[in-house]
Amino acid sequence: MKRTLLLTFIILSIILCSCTQTNKESIKCSLDNNLFSVHFIDVGQGDSTLLISPDNKTMLIDAGDNSQGSKVADYLNNLNIKKIDILVGTHPDADHIGGLDYIIDNFDIGLFYMPNKAHNTNTFKDVLLAAKNKNLKINKAKSGMNFSLGKFIKCSILSPTKNYSDNNLCSLVIKSTYKNKSFLFTGDAEFENEQDMIKSNYNIKSNILKLGHHGSSSSTSEDFLLKVMPDIAVISCKYNNKYNHPSEKILTLLKKYNIPLYRTDKQGDIVLLCDGYEIFSYKKPLTLYRR
Ligand SMILES: [Zn+2]
């Protein structure tokens, strides 16, 4: 009964905010309501996901490519965020870590996690330099590690389970749980990682799945999708990108299992709100699985 009343209050607050304010203002408003919010920021062809715990601790997973650091910073500033408590670079590819140096330069950073994988690019070196200039330690993360975001959000790293030479295969896969609901963030993890996670007996079942590698056909095997069995899928990519993400094959797979889909290329920033028992959003998921 208490929970129903709280949920009604939250939904009413959101509706009231939505009626009188812009979308961004209503998101700000919802942040005061003890919700866990997950923001898939539209960074074109790349990933950047912001998590805000009910006690207002922040985690940023990736920051898009080099051109997107200032856009991610604007998004954070708009929400009055001064500190990133946990910063994650999932793997050294530019469409994930390109904007990280800008974020490190312009915000207070608590903990910083990256996989144990170096890369010989200026983008990667820029991140190392930005961290060094701030005396920010880079914690090398791998599967089996657990940490909390604030008091309420439990995070587990599920991949990589071993060392790989390929960048995508080194992607940190993070499962974040708030009470009864969980979110799986997969970076650019591929089939091989999915099989390794299944074999490792991790509990990969999650309510929300950010599809690996922008909906590429080399990620999200049917086997993996059935084990995660998400209520909702999210794809982060640029409209009409040169890689043809998301692939037709993946869209057909989602359609086969009737999994509602959010896409940053078609819907811009996507914000999911969670009270620990329900997940809701200001935007409706797509019902047509078309490229
Ligand atoms: Zn990528």
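The values are calculated or read from the model by the stated rules, or taken from the named source; none is laboratory data. Just so it is clear, the model here is predicted, and its values are computed rather than measured. Please note: Cβ atoms are built from the backbone with ideal geometry, for glycine as well, and neighbour counts cover all protein chains shown. Quick note on the areas: whole protein, heavy atoms, side chains included, nothing else; ligands and nucleic acids left out. Shrake-Rupley method; radii C 1.70, N 1.55, O 1.52, S 1.80 Å.
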For the range 103-147, the count of residues that are open to solvent by less than 10 Å² (accessible area, probe 1.4 Å) and without any contact (Cβ under 8 Å) to a residue 24 or more places away in the chain equals 0
Where residue 226 falls short, out of the listed (1) open to solvent by 30 Å² or more (accessible area, probe 1.4 Å); (2) within 14 Å of the ligand (Cβ to nearest atom); (3) aliphatic (A, V, I, L, M):
(2)
Select from the range 256-291 the residues that are touching a residue at least 60 places away in the same chain (Cβ under 8 Å), among the hydroxyl-bearing types (Ser, Thr, Tyr) and under 14 Å from residue 234 (Cα atoms) and list them in ascending order.
262, 264
Do we find a residue being farther than 22 Å from residue 141 by Cβ and within 14 Å of the ligand (Cβ to nearest atom) anywhere in the range 202-216?
yes
Residue pairs, Cβ under 8 Å, 6 or more apart or interchain, first in the range 88-102 and among the charged types (D, E, K, R), second open to solvent by less than 10 Å² (accessible area, probe 1.4 Å) and away from the ligand (no atom under 13 Å from the Cβ). List them.
101/69; 101/127; 101/130
Qualifying residue in the range 147-165 (condition: within 16 Å of the ligand (Cβ to nearest atom) and at pLDDT below 95):
yes
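State all residues of the range 88-102 that are hydroxyl-bearing (Ser, Thr, Tyr) and open to solvent by 10 Å² or more (accessible area, probe 1.4 Å); if no residue qualifies, say none.
Within the range 88-102, just 102 meets the criteria.
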Among residues of the range 181-197 being aromatic (Phe, Trp, Tyr) and buried (at least 24 other Cβ atoms within 10 Å of the Cβ), the residue farthest from residue 168 (Cα to Cα) is 183
